[in-house]
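Quick notes on the structure that follows.
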Amino acid sequence: MINRAEHILKHTFGYLSFRGKQREVIQTILDGQDALVLMPTGGGKSLCYQIPGLVREGLAIVVSPLIALMQDQVNALQQLGLSASFLNSSQSREEQNLVMRSIHDGSLDILYVAPERLLLDSTLNRLMATDVSLIAIDEAHCVSQWGHDFRVDYLGLHVLRQAFPGVPRVALTATADDRTRHEIIDRLALSDPAVFVSSFDRPNIRYIVQEKGDAKAQLIKFLQGHKNAAGVVYCMTRNRVDGMTAWLQGRGVKALAYHAGMSTDDRAENQRRFLREDGVVMVATVAFGMGIDKPDVRFVAHLDLPKSMEAYYQETGRAGRDGQPSEAWMVYGLQDVVRIAKMVQDSNANENHKRVERSKIDSLLGWCETNTCRRRALLRYFGESQEDVCGNCDVCLNPPKTWDATEASQKLLSNIYRTGQRFGSGHVIDVLRGKDNQKIQQFGHHKLSTYGIGAQFSDRQWRSVIRQLLVQNYLLVNEEQYGALQLTEKSRSLLKGEVKIFLREGIESAKPERVKKRPLNVSESDSSFWDALKACRKELADDQGVPPFHIFHDATLMEMMQYRPQSNAEMLTINGVGEVKLNKYGDEFLEVIAQFPTK
Ligand code: ADP
Ligand code: ZN
């Protein structure tokens with residue numbers, strides 16, 4: 001049967017080989033066993049159930065919470081010549097009846113269904129009377145009451161075990177942690193599932209963290225390296241989203257906004273444009289999240305710190321699902337640290353919960369300040385050990401220098417002590433640098449022994465020292481005292497000279513090397529060829545009202561450009577060109593290629 005699966009992979013999907021654990025997962029399901037699949041976003045989870053669904057007799061049921069995406073998923077399968085459909089509340093009664101009939105006929109291969117819809121008696125009864133090949137439960141972490149994507153309907157899915165005895169069930173998710181894993185197995189009542197955990201590494205994503213200066217200017221500069229590329233810019237609040245969108249639009253960037261304060265229609269329209277049009281930059285809060293099923297997002301930029309490593313990983317994971325070079329870019333500064341600490345403090349959560357939140361933030365901050373490979377540190381956080389450095393993060397590309405900051409730190413700590421541990425970083429730095437202003441006069445701080453002892457460093461350098469001491473717990477921000485900097489237990493050893501401390505030079509001073517690997521490597525002479533291929537794709541997509549990547553992915557067009565297939569047979573060797581798509585679109589693309597003969 002696995003041969004049959006391989007045949008479908010090549011001829012229907014047009015892919016050369018299985019990726020990661022796909023083969024093993026498919027084998028397990030073909031053997032009739034339950035499975036739990038943990039794979040990062042873009043890892044290729046869909047094929048894990050689509051292919052066995054086509055190999056095994058009967059209808060494959062795919063449970064998904066993402067109603068808005070079902071139409072797209074079904075279109076994509078129909079593009080491949082498969083018989084797929086969906087059932088959810090967005091359909092009219094007639095449409096639903098039509099689908100129910102096709103289930104009855106046995107003419108359907110794959111059915112996407114929302115959990116609440118599946119669990120209706122009428123739907124369940126109809127499906128139980130049908131030959132079902134497998135049940136896939138996508139976004140399975142939605143059963144976890146602790147996760148932020150919890151869906152109460154997912155809790156009812158355990159009935160599927162009794163309702164469909166002997167039918168293999170496969171649960172899939174991109175959430176990695178151990179607790180969620182056990183919750184999924186438990187709550188979905190999977191029986192003795194084979195568990196597949198892929199590496200959560202996303203090697204095509206380059207991680208870059210910079211110190212926040214003029215964030216807007218930094219963003220514009222970053223975007224200049226990503227002209228006409230689709231990307232997401234995450235901001236913390238709705239206001240910031242609106243402001244940033246308008247500002248980018250004013251600078252000629254095709255930017256759209258997305259946040260929970262907009263009407264459903266406006267959000268849907270902007271999401272639609274993001275999927276359909278080339279090169280849209282979506283400025284969004286985290287409300288723009290799960291289920292952005294767009295493979296060619298070239299970058300995810302964070303203008304504000306996310307609230308944990310988990311959130312950071314999930315948000316940046318939306319870049320580069322197609323495996324092409326992509327960037328996760330973030331700026332952060334002292335203000336972020338203070339703001340987040342305040343948010344945690346002000347929240348209504350109980351102390352225990354706050355402690356967890358704080359430690360999550362500390363992990364993220366520590367990671368921002370790391371002076372070893374970022375990818376390795378990220379994977380370690382998720383429990384994967386990796387020895388080698390990656391060569392594709394800012395630290396690897398541009399190793400930060402460290403300096404002996406013992407004396408500077410002592411000056412800072414004594415100054416905080418002498419000013420009474422009552423002031424935020426701005427005033428503390430002013431005193432250190434010997435500034436003359438009203439506040440200093442008012443408190444008589446110009447008379448302190450620490451006044452002006454740190455004049456040799458800039459404001460920015462001091463902020464960097466403060467940030468790193470905060471991360472390392474030599475300092476804390478007291479929220480009850482309006483963000484005053486205060487000493488900790490640990491400060492004493494540093495003040496007494498019992499320990500030495502080395503800090504990294506401001507990460508801002510390490511200029512990221514010119515990005516060598518330009519996304520998608522389109523050279524000047526190729527760019528008109530590339531544009532022609534994209535224009536051809538866009539025209540075909542518009543004719544059918546589907547997003548361009550439903551016709552072919554960027555990666556597929558790139559291969560066409562590289563290998564310049566001249567015939568149908570050559571076209572079939574291109575990754576992403578299967579037989580149905582060859583028949584539908586081969587001629588159009590061969591024609592474009594013929595217009596660009598090799599030099
Ligand atoms: P996930 O659901 O895990 O985020 P998808 O199933 O959407 O990921 O797959 C991500 C991308 O990788 C898709 O564009 C898909 O077509 C592609 N892909 C999946 N498996 C393979 C494979 N074996 N060879 C080439 N491309 C693949
Ligand atoms: Zn690295």
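The values are calculated or read from the model by the stated rules, or taken from the named source; none is laboratory data. These numbers come from a predicted model, not from an experiment. Counting neighbours? That spans all protein chains shown, and the Cβs are built from the backbone with ideal geometry, glycine included. Heads up: the accessible areas ignore ligands, DNA and RNA and are worked out on the full protein's heavy atoms, side chains in. Shrake-Rupley method; radii C 1.70, N 1.55, O 1.52, S 1.80 Å.
Computed from the C-beta positions of Phe596 and Glu269 and an R0 of 35 Å, the FRET efficiency is 0.45 to the nearest 0.05.
Heavy-atom accessible surface of the chain, averaged per residue, reaches 45 Å², computed with a 1.4 Å probe. Less than 17 Å apart at the alpha-carbon level, and either on another chain or at least 8 residues along: which aspartates and glutamates does that give for Lys584? Here the aspartates and glutamates satisfying the reach criterion relative to Lys584 are Glu539, Asp542, Asp543, Glu570. Note on Ser385 and His148: the model spin-label points, each 7 Å out from Cα along the C-beta direction, lie 3.1 nm apart. Mind scanning Lys221/Lys538; Lys21/Lys581; Lys227/Lys581; Lys10/Lys581 and naming the pairs with a C-alpha gap bigger than 18 Å? Distance filter (> 18 Å) returns Lys221/Lys538; Lys21/Lys581; Lys227/Lys581. If you split all Cα-Cα distances of region 205-397 into 10 Å bins from zero, what percentages do you get per bin, shortest first? Answer for region 205-397: a P(r) of 9, 35, 36, 18, 2 percent.
Taking the C-alpha atoms only, the angle from helix 334-346 to the longest principal axis of the chain is near 80 degrees. Summary of the geometry: region 549-573 and region 1-74, compared by the centres of their Cα atoms, lie 23 Å apart.
For Met1, Met330, the ranking by accessible surface with the largest value first comes to Met1, Met330, using a 1.4 Å probe.
Residues Lys538, Lys439, Lys212, Lys307, sorted by accessible area with the largest first, give Lys307, Lys439, Lys538, Lys212 [1.4 Å probe; ligands and nucleic acids excluded]. Go through Lys411/Lys435; Lys401/Lys435; Lys360/Lys411 and tell me which ones have a Cα-Cα distance over 19 Å in this structure. Too far apart for the 19 Å limit: Lys401/Lys435; Lys360/Lys411. Surface composition of region 524-594: carbon plus sulfur atoms contribute 45% of the solvent-accessible area (1.4 Å probe, protein chains only, all chains present). Measure nothing fancy, just the Cα-based angle from helix 67-79's long axis to the longest principal axis of the chain, in degrees from 0 to 90, nearest 10. Approximately 50 degrees, to the nearest 10. Carbon-plus-sulfur accessible fraction, region 205-397 (probe radius 1.4 Å, protein heavy atoms only): 48%.
Rolling a 1.4 Å probe over the protein heavy atoms of region 402-504, with every protein chain left in place, gives an accessible area that is 44 percent carbon and sulfur. Accessible-area rank, largest first, for Leu69, Leu98: Leu98, Leu69, with all protein chains present and a 1.4 angstrom probe. The C-alpha atoms of the chain define a longest principal axis, and helix 264-276 lies at about 80 degrees to it.
Using the average count of surrounding beta-carbon atoms within 10 Å as a protection proxy, the listed peptides 179-187, 589-597 rank, highest first, as 179-187, 589-597. With the convex hull drawn over the C-alpha atoms of region 402-496, the volume per residue is 94 Å³. Only helices enter the 222 nm calculation for the chain: every DSSP H run of n ≥ 4 contributes -39,500 (n - 2.57), and dividing by all residues gives -13000 deg cm²/dmol, rounded to 500. From the largest down, region 1-89 spans 36, 27, 26 angstrom on the principal axes of its Cα atoms. If only the Cβ of Lys and Arg carry +1 and only the Cβ of Asp and Glu carry -1, the dipole of the chain around its Cα centre is close to 2260 debye. How large is log10 of I(q)/I(0) for the chain at q = 0.06, 0.07, 0.08 Å⁻¹ when the intensity is taken from the Debye formula with one equal scatterer per alpha-carbon? So the normalised log intensities are -0.38, -0.51, -0.65.
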